[in-house]
Amino acid sequence: MSEFQAYLQLGFSHITDSNGYDHILFIMALCTVYTLIDWKKVVILVTAFTIGHSITLALATMGLVSINKDWIELLIPVTIIITASLNFFYQIPKSSFSKKETTSALRYPLAMFFGLIHGLGFSNYLKALLGNEAQIFNPLLGFNIGLELGQLIIVFIILSIAFVLIELMRIQRVNWINIMSGIIFGMALSLILNNPFFRTLMGMSVN
């Protein structure tokens, strides 16, 4: 296996790893309001997220940007909570085939901005793998492509489930959105409350 292939596999494994499910939760929060019929909207949204995390993944891995990883690990579930909260205000199109995007215009720039934060999280993992490796282009490229492949699979699964439940089983779309967003919100809140850095901050503020 080449170095590129090895890091591609590591990137794929990292984003699909159930033990580090924060990134999966964020992608779920992004896609919960959509089904397969809305795939063009999802492509735009996920592309915005991809651009964001690709930028900071590259900059941080090359040592051009450095932010305390404790803050990053705390901010990632915050991005999930904000995204899940926006889902409760999503305006469902009257037609499933409507081309008009009725959700907030902030959804797309927020996806890119939150991608910057997630990219810093990805970089912490990648830098730990690289160690003192001098040549980082192939590892960086392979890892990033692996992330994207894993991300696309997660998106496809979420959209497919939504399509079956909403379009075929005729479950109310608003119920799907609210229940899923509520679950995601709760899981992200749990991540924050159990974050050691957050607990330290709360202890300092109390004292």
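In table form, for the structure just shown:
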quantity	calculated
For the chain: accessible area per residue (Å², 1.4 Å)	53
Estimated [θ] at 222 nm from DSSP helical runs (n ≥ 4, -39500 (n - 2.57)) normalised by residues in the chain, nearest 500	-24500 deg cm²/dmol
Per-residue ³J(HN,Hα) for segment 149-156, Karplus 6.51 cos²θ - 1.76 cosθ + 1.60, θ = phi - 60°, Hz, x for Gly and Pro	4, x, 4, 5, 5, 4, 4, 4
For the chain, size of Cβ-based charge dipole, Lys and Arg +1, Asp and Glu -1, in debye	720
Extension gain (nm, one decimal) between ALA105 and PHE156, 0.36 nm per residue minus Cα-Cα	16.0 nm
Among ALA48, ALA105, ALA84, residue whose mean-square fluctuation peaks in a GNM of the chain (springs only between Cα atoms under 10 Å)	ALA105
Projected label distance in nm at THR200 and ASP70, using a 7 Å step from Cα toward the beta-carbon	0.2
Cα long-axis angle, helix 22-31 against the chain (0 to 90 degrees, to the nearest 10)	30
Heavy-atom SASA rank of ARG170, ARG107, ARG199 (probe 1.4 Å, accessible area, largest first)	ARG170, ARG199, ARG107
Extension reserve of the GLN172-GLU133 stretch, reckoned as 0.36 nm per residue once the Cα distance is removed	8.9 nm
Amide H within-cut-off set for VAL65, under 5 Å, with H built and near neighbours excluded	ALA60
The chain - percent of accessible surface contributed by carbon and sulfur, probe 1.4 Å	68
Within a Gaussian network of the chain (alpha carbon springs, distance under 10 Å), most fluctuating of PHE185, PHE197, PHE114	PHE197
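The values are calculated or read from the model by the stated rules, or taken from the named source; none is laboratory data. Just so you know, these numbers come straight off a predicted model, no measurement behind them. All Cβ positions, even for glycine, are placed from backbone atoms using ideal geometry, and neighbour counts span all protein chains on display. Calculation scope for accessible area: heavy atoms of the full protein, side chains included, ligands and nucleic acids excluded. Shrake-Rupley method; radii C 1.70, N 1.55, O 1.52, S 1.80 Å.
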